1. Tell me the angle of helix 22-31 to the major Cα principal axis of the chain, expressed in degrees between 0 and 90 and rounded to the nearest ten.
2. Ignoring solvent entirely, what values of log10 I(q)/I(0) come out of the Debye formula for the range 6-116 at 0.10, 0.13, 0.21 Å⁻¹ when each Cα is a single scatterer?
3. Test of understanding: ordering 86, 112 by Cβ neighbours within 10 Å, fewest first, what list do you get?
4. Cα axis of helix 109-118 to longest principal axis of the chain: angle in degrees, 0 to 90, nearest 10?
5. Work out the length of the dipole vector of the range 1-142 about its Cα centre, built from +1 on the beta-carbon of each Lys and Arg and -1 on the beta-carbon of each Asp and Glu, and round it to the nearest 20 debye.
6. For a footprinting-style exposure proxy, rank 82, 4 by other Cβ within 10 Å, fewest first.
7. Pairing the Cα long axis of helix 121-148 with the longest principal axis of the chain, what angle in degrees results, from 0 to 90 and rounded to the nearest 10?
8. Run lengths n ≥ 4 of DSSP H only: what is the helix-derived mean residue ellipticity at 222 nm for the chain, with -39500 (n - 2.57) per run over all residues, to the nearest 500?
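Nothing in this text is a laboratory measurement; each read-out follows from the coordinates by a stated rule. Predicted, not measured: the structure shown is a model, and the values here were computed from it. Glycine also receives a Cβ, built like all others from the backbone with ideal geometry; neighbour counts cover every protein chain displayed.
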Amino acid sequence: MPPHNPNVQVLRAVELFQGLAPLIVSEIARRASPVVYGAGERLVCTGAWVQQAILIRSGQAVIARGAGAVSGDVLPPGTLIHELGMFVEVESGTTVIARTQVSALAIRRDTMLSLIEEEPALADYFNHKFAARLACIAAELRRIDERLEPYSSSGSQYLS
């Protein structure tokens with residue numbers, strides 16, 4: 001039996017990885033890179049092109065808005081930052097700063113794409129996960145639209 005890897009437990013707690021075979025989760029944990037950020041250090045910056053996801057193992061990070069003002073949104077252990085960065089190139093829309101020392105796992109895009117090449121069924125797995133999320137977002141937007149409908153005028157000036 002392989003030695004216990006605490007990174008496997010952290011990964012298994014993330015919704016995106018729940019449902020994956022234990023062997024796959026162990027392989028992701030093995031290939032992920034441990035990273036430590038000091039208090040005040042930036043984990044990601046607005047406008048930077050993301051090459052990886054960052055999973056906070058311990059410590060706390062906060063979201064910064066505008067000119068570096070901290071919004072108060074605390075990202076605790078177990079938070080997966082820029083999960084799409086594991087699969088596609090995306091531009092960060094936010095800056096995240098370590099509030100305390102943060103121990104994290106960096107899960108690089110090239111690592112995940114390599115794993116998907118080895119296990120093509122993973123592409124379907126992640127596709128289903130993201131499609132389900134998009135369906136939830138679409139349903140929530142429809143509910144918001146329905147609630148706002150009484151306040152809208154016909155022919156919005158913003159939608160043309």
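1. 80 degrees
2. -0.27, -0.46, -1.13
3. Least to most surrounded, the residues fall as 112, 86.
4. Between the helix axis and the principal axis of the chain, the angle is about 70 degrees.
5. Result for the range 1-142 is approximately 400 debye, rounded to the nearest 20.
6. Least crowded to most crowded, the residues run 4, 82.
7. Taking the Cα atoms of the chain, the angle to 121-148 is about 30 degrees.
8. -11000 deg cm²/dmol
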